[in-house]
Ligand SMILES: Nc1ncnc2c1ncn2[C@@H]1O[C@H](COP(=O)(O)OP(=O)(O)OP(=O)(O)O)[C@@H](O)[C@H]1O
Ligand SMILES: [Mg+2]
């Protein structure tokens, strides 16, 4: 039986009148990399904070690394690396001083050696005397990753770790994440990038505090029941406005010079586009994760509005 | 110390981080060192302006050559401008109260006769001591003026009257300031004021700064406990307080010639306790305030009564009861008693143990509030 690292049930968080997280369940096995997706304000950060014990849930329960999230947050903190959304290390300390501080707080043996290794491994050695506040975005992110993995945590919670980071640095970052997960580390990472979601073993999607779907990328796409057509040719740019709002057409988006038109009701969708057959070259394709994600979120928004 | 078992490394971690940040914040650091110097200079300027020619009334009950010579020597000193005669005790009081006169020199009947017999007669100087910076120097010179004058007057067979301790006893009666607050009192008091102002302000930023710079979530995600954070964060400022103390004590000794009668270690123990009280209070403010601005406002809200009701500005016993009750709660009140007691009166720790107790109680109460108020979560 695989070890379950995060096992939370029915997490609810309210801020005043607003319910920001509404009954979230996550059950995550050891050694995997999961993506946590959702639009802005959907409750991702709040959920991560409840898992680490930084926020007390209004309802729900669960364990993280075998420790109760309500009562044993000290033990969870010792074994977890949490990278906050936005840089939260000390900008008036140097790179090395930041790592040194972390090493001391976690009481790591061989502190100097551990810090040296971390600096080398993440290519920060040349910048160790630079003030953290003066680093560029990509280097800040490397420093943060070095700092939250310094104490060899068993679980990594990363909140939008690659926001504002260039593609090469993002790729390096993900290589590092997969290397770490190879050593048995469990990683839950929130992201708004679909290509990053596709690098995850599984994705969890949340909208307005509610879990919408969960699974590996292929399953999520398949289970969405979405049909997508791609239109190409000279006239596609003029097509978009006329297609929007037609019955069966839920979602219209450009992909380079092609236009993706998606809908759940495949018959209605076919009927809708049949009247534009001669304006472009049509082809049925597998929906991309982005098509699926946007469709799911749109549908969730409608469903939730109807409920309330 | 069970609650702190195993906390050493984490306290050290926070202490080192805080010390580095303190060192990098050059402007704040400079301010903390410059404030005591500036205050001392401002104050020193006020008392070193050496006010002379203060309006003086004389009330002499006899008119002998010796008395005339005495009065003349007061005039010659430059400090006393004898511009009026007082008609009696009531007239003297009126002149002092209306600030018509800063001093009344009273030489009683029979003065000359007793002087010649070597009976050490008394003469009285009543002083308007409500502005000690103005009056204290003139008062300080009085005995010397008298001794000097009599060394000229008492010649020949009377020169044996020029024995120690002085042929005349000059009695100073400070009015409107019964505790006789003088520069000697104010310089040690200034130490307390400087420590209160700078240390409370700086530690009141301790947690709000983490909050405003977005470090709070990170700090909370680490396994550091509230008491560890508190100790680690205030410890570096002990050094700052110690440096300020050194500056003021050196100035007190070598610039203002404040006497130092009591044991140094008692004074240092008092300073240490007082510094910790202020740092704890500042840290507590920082756990309550949401922004640095709020922290600042709380500090000033505390600073004002500290200045006004501690006995620094106004004589403590002269204040109404309610003000005295408030005063008893302020650490500065107790520190003033310790520092004035030790420096000026030479008392030992036994005499002022109760002031130490008050400071310790203050530290414990305030520290407990801080630990209770400390945010353990982001809620
Ligand atoms: N301390 C708080 N007090 C009040 N409201 C809050 C608080 N923290 C978060 N919220 C609200 O809760 C909602 C969810 O916030 P959360 O940060 O969890 O979203 P998110 O999914 O992480 O969004 P993003 O992708 O923008 O980071 C938001 O509408 C936010 O305004
Ligand atoms: Mg977020």
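No lab work stands behind these numbers, since they all come straight from the coordinates. Nothing here was measured: the structure is a model prediction, and the numbers come from that model. Glycine gets a Cβ as well: all are built from the backbone with ideal geometry, and neighbour counts include every protein chain shown.
Of note:
- Structure-based [θ]222 nm, chain B - -39500 (n - 2.57) summed over DSSP H runs of at least 4, per residue, nearest 500: -20500 deg cm²/dmol
- Convex hull volume per residue, computed on the Cα atoms of chain A, equals 159 Å³.
- Orientation-averaged projected area, Cα convex hull of the range B:296-349 (nm²): 4.2 nm²
- FRET efficiency estimate (nearest 0.05) - Cβ-Cβ, residue B:301 to residue B:143, R0 60 angstrom: 0.85
- Mean projection of the Cα convex hull over all viewing directions, computed for the protein assembly as shown: 43.8 nm².
- Taking all Cα pairs closer than 8 Å and separated by 6 or more residues, the relative contact order of chain B comes to 18 percent.
- For the range B:242-379, the alpha-carbon radius of gyration amounts to 1.15 times the rule-of-thumb value 2.2 N^0.38 Å expected for a compact globular protein.
- Per-residue ellipticity at 222 nm computed for chain A from its helices equals -11000 deg cm²/dmol, with DSSP H segments shorter than 4 residues left out and the rest contributing -39,500 (n - 2.57).
- Restricting the calculation to Cα atoms, the range A:1-54 shows an Rg/Rh of 1.00 when the hydrodynamic-style radius is the Kirkwood one.
- For the pair residue B:85 and residue B:321 in one chain, pulling the backbone fully straight at 0.36 nm per residue adds 81.1 nm over the alpha carbon distance.
- The range A:214-291 gives an Rg/Rh value of 0.97, both radii derived from C-alpha positions and Rh following Kirkwood.
- Order of B:301, A:293 - criterion: other Cβ atoms within 10 Å of each residue's Cβ, fewest first: B:301, A:293
- Rounded D (µm²/s) - the range A:1-127, Kirkwood Rh over Cα pairs, Stokes-Einstein at 37 °C, 0.692 mPa s: 197 µm²/s
- Residue with peak Gaussian network fluctuation, chain A [Cα springs, cutoff 10 Å], from A:141, A:168, A:32: A:168
- The slack between residue B:328 and residue B:5, meaning 0.36 nm per residue of separation minus the straight C-alpha distance, is 112.8 nm.
- Debye intensity ratio I(q)/I(0), log10, chain B, q values 0.10, 0.12, 0.14 Å⁻¹ (C-alpha model): -0.74, -0.93, -1.14
- Panel note: the C-alpha atoms of the range A:101-188, placed on their principal axes, show extents of 35, 32, 19 Å (largest first).
- Between the range A:14-40 and the range A:170-217, the alpha-carbon center distance in angstrom: 13 Å
- Rg [Å, one decimal], Dmax [Å, integer] - the range B:54-175, C-alpha atoms: 13.9, 44
- All C-alpha pair distances within the range B:180-305, sorted into 10 Å bins from zero, spread as 12, 38, 29, 15, 5, 1 percent across the bins.
- Alpha-carbon centroid distance for the pair the range A:103-122 / the range B:187-214, whole angstrom: 33 Å
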